[in-house]
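Asks: One structure is given below, represented as structure tokens, and several questions about it will come after.
The values are calculated or read from the model by the stated rules, or taken from the named source; none is laboratory data. Computed from a predicted model, the values in this text were never measured in an experiment. For neighbour counting, all protein chains shown are included, and Cβ atoms are generated from backbone atoms with ideal geometry for every residue, glycine included. Accessible surface areas use protein heavy atoms only, side chains included; no ligands, DNA or RNA. Shrake-Rupley method; radii C 1.70, N 1.55, O 1.52, S 1.80 Å.
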Amino acid sequence: MGKIKGGGQNAARGFLLQDGSVAGSFVVANAANYKTITIGGVTLPRPNVNYFDLNNPTYTVRNINDYTLNSRIAIPSALTTTHAIYIQNQFKVGKLSALLSLRQEWFEDITGYETPTELSFENTALIPRIGLTYAVTSNINVYGTYLTGFQPQSNTVTLMPSTGSFFWATQSAAQFKPLESDLKELGAKGEFFNGQLQATLAVYEVTQRNILISANDPVQPDLLVQRGEDRSRGFEIDLVGYIAKNFQVYASYSYIDAVVINDANENLIGQRKENTPQNSANLWTRYNFPENSLLKDLGIGFGVQHQGSRVPWFTRDFEVPAFTVLDAALYYTPVRSNIQLALNVGNLLDETYWLGAQNYTRLFPAPPRNLILSATYKF
């Protein structure tokens, strides 16, 4: 993976300059009025990109010439390479099946690639994987899994918000200790009612070490520190299949006890891990009307999504509230036809809720009520 020379990004973040000038190019005649804007009777700072009002949205195509560009960022060239060899064996002894794997990886991250300031960071890792499955009966299996993970921090810049800024930096996130993890999981899978209903139950523990997080330093907002260890323990239950001939169901529930185990800030030890809801649940059902009824070509769907509260990534001063959302659908599938029309309604009650947050100024709103009309043809 590489970033070639010449890349860049223009940005229009934040608000107009306090002196009323626009990107330093000219001064507005009435600077005091130009720096603010009134929306819904409330006077707010005027941003470099116009507000989007969730309560009264407009969906006009934006013109970038209306933006006030306040930074131009060059993307430094870089090259990230990974090489690996592995050995793997899968075998079965009676009712026991096993998968054993061992992988050796070599990572190299070069920043300022093919420039006078080129820097190279190298990491190596030996990564084992073990999976065991035992057939208790013809329709019930139990399993155990052990996995380890290893990622140089340069590989996390597109996955973790804390390291995202290194995408634009001349330094490499690989200068920090690599992100290490391991997973231990035990579970059971079963098929019931002649295979019409499948169920899965799993309990697990995941640990992560050397996580790069914000130092929450107001003087140095970009300062990162490495946390010693986070641990997540929990269980999951999944059900999928038919509870009646025309009645399909998918249901899942997850409980996660995610806490900080080791941190330089002793006040954080035992506290909740960021961006992890403790409880999550989903339910989706679909009912197709019988072939001998007047509504034989129709089906209806109904679902519920729930997620518990979360701690934002970059601050612990507030929590992102829990939410519960209803969804629905209407299906039209003519008998002896290969086509299906579906009208899906997301966020049926038009709830306002948030999918996550980094801090007070970077929260991620979920979509309002929305409609999707789709057509599916089976060949």
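Asks: So how exposed is LYS92, as accessible area in Å² (1.4 Å probe, rounded to 10)?
Replies: For LYS92, the solvent-accessible surface is approximately 140 Å².
Asks: Name the lysines eligible as straight-distance cross-link partners of LYS184: C-alpha to C-alpha under 19 Å, and not fewer than 8 places from it in the same chain.
Replies: Qualifying lysines at Cα under 19 Å: LYS273.
Asks: Right, here's the next one. Rank TRP106, TRP354 by accessible area, highest first, at a 1.4 Å probe radius?
Replies: Working: TRP106 105, TRP354 80 Å².
The residues order as TRP106, TRP354, largest area first.
Asks: Okay, moving on. Rounded to the nearest whole Å², what accessible area per residue is found for segment 73-232 with the 1.4 Å probe?
Replies: Values: 9090 Å² over 160 residues.
Accessible area per residue: 57 Å².
Asks: Sticking with this one: Give me the base-10 log of I(q)/I(0) for segment 104-160 at each q in 0.13, 0.15, 0.27, 0.29 Å⁻¹, Debye formula, one uniform scatterer per Cα, rounded to two decimals.
Replies: The Debye formula, applied to the Cα set alone, gives -0.57, -0.65, -1.08, -1.13.
Asks: For the chain, what % of the accessible area comes from carbon and sulfur atoms, probe 1.4 Å?
Replies: Values: 13450 of 23570 Å².
Of the solvent-accessible surface of the chain, carbon and sulfur hold 57 percent.
Asks: A further question on this structure: Can you sort PHE52, PHE323 by solvent-accessible area, 1.4 Å probe, largest first? Could the numbers behind the result be given before it?
Replies: Numbers: PHE52 100, PHE323 20 Å².
Greatest to least solvent exposure: PHE52, PHE323.
Asks: Continuing with the same structure: How long are the semi-axes of the equivalent ellipsoid of segment 121-262, defined as square roots of 5 times the Cα gyration tensor eigenvalues? Whole Å, largest first.
Replies: On the way: eigenvalues 314, 65, 37 Å².
Largest first, segment 121-262 gives 40, 18, 14 Å.
Asks: Considering the convex hull of the alpha carbon atoms of segment 68-121, report its projected area averaged over all viewing directions, in nm², one decimal. Before the final figure, lay out each step's value.
Replies: On the way: hull surface 31.6 nm².
Answer in nm², one decimal: 7.9.
Asks: Right, something else. Taking only Cα atoms and a 10 Å spring cutoff, compute GNM fluctuations for the chain and point out the largest among ASN50, ASN344, ASN279.
Replies: Most flexible of the set in this elastic network: ASN50.
Asks: A follow-up question, please. Using only the heavy atoms of the protein chains and a 1.4 Å probe, how would VAL203, VAL49 rank by accessible area, largest first? Walk me through the numbers on the way to the answer.
Replies: On the way: VAL203 70, VAL49 40 Å².
Greatest to least solvent exposure: VAL203, VAL49.
Asks: Which cross-chain or sequence-distant (5 or more) residues have an amide H under 5 Å from the amide H of ASN48, H modelled 1.01 Å from N in plane?
Replies: Correct list: GLY14, PHE15, LEU16.
Asks: Same structure again: How big is segment 187-239 by the Kirkwood estimate over distinct Cα pairs, in Å? Walk me through the numbers before you get to the answer.
Replies: Values: mean 1/r = 0.0691 Å⁻¹.
By the Kirkwood definition, the hydrodynamic radius is 14.5 Å.
Asks: A follow-up question, please. Can you run the Rg to Rh ratio on segment 242-371? Use alpha carbon positions and the Kirkwood inverse-distance Rh. Let's see the in-between values first.
Replies: Numbers: Rg = 20.2 Å, Rh = 17.5 Å.
Result for segment 242-371 is an Rg/Rh of 1.16.
Asks: While we're looking at this one, here's another question. Need one value: the accessible area of LYS3 in square angstrom, 1.4 angstrom probe, rounded to the nearest 10.
Replies: LYS3 exposes around 50 Å² with every protein chain in place.
Asks: In square angstrom, rounded to the nearest 10, how much accessible surface does ASP317 have for a 1.4 Å probe?
Replies: 110 Å²
Asks: What net charge is computed for the residues neighbouring ASP222, neighbours being all others with C-beta under 15 Å from the C-beta of ASP222, Lys and Arg scored +1, Asp and Glu -1?
Replies: On the way: positive: ARG13, ARG362; negative: ASP217.
Local net charge: +1.
Asks: Taking the alpha-carbon distance from LYS296 and a cut-off under 25 Å, which lysines remain once sequence neighbours fewer than 8 residues away in the same chain are dropped?
Replies: Those lysines meeting the cut-off are LYS245, LYS378.
Asks: Lysines near LYS92 by alpha-carbon distance under 21 Å, same-chain residues fewer than 8 away left out - which ones?
Replies: Reachable lysines: LYS189.
Asks: Tell me the mean residue ellipticity at 222 nm calculated for the chain from its helices only (DSSP H runs of n ≥ 4, each -39500 (n - 2.57), averaged over every residue, nearest 500). Walk me through the intermediate numbers first.
Replies: Numbers: 1 runs with 4 residues, N = 379.
Estimated from H runs of four or more residues: 0 deg cm²/dmol.
Asks: Next question. So with the 1.4 Å probe, I'd like the accessible area per residue for segment 313-373, rounded to whole Å². Before the final figure, lay out each step's value.
Replies: Values: 3760 Å² over 61 residues.
About 62 Å² of surface per residue is accessible.
Asks: Which of ARG129, ARG62, ARG286 moves most in a GNM of the chain, Cα contacts under 10 Å?
Replies: Result for the chain, Cα springs under 10 Å: ARG62 fluctuates most.
Asks: If you work out Rg and Dmax of the Cα atoms in Å from the coordinates, which of (i) 19.3, 57; (ii) 19.8, 67; (iii) 26.3, 85 do you get?
Replies: Answer label, from the structure shown: (iii).
Asks: Comparing THR43, THR148, THR82, which has the greatest mean-square fluctuation in the GNM of the chain with Cα pairs linked when under 10 Å apart?
Replies: In the Gaussian network model the winner is THR43.
Asks: Still on this model: Report relative contact order for the chain in percent, whole number only (criteria: Cα-Cα under 8 Å, sequence separation at least 6).
Replies: Details: 871 pairs, mean separation 28.2, N = 379.
Contact order relative to length: 7 percent.
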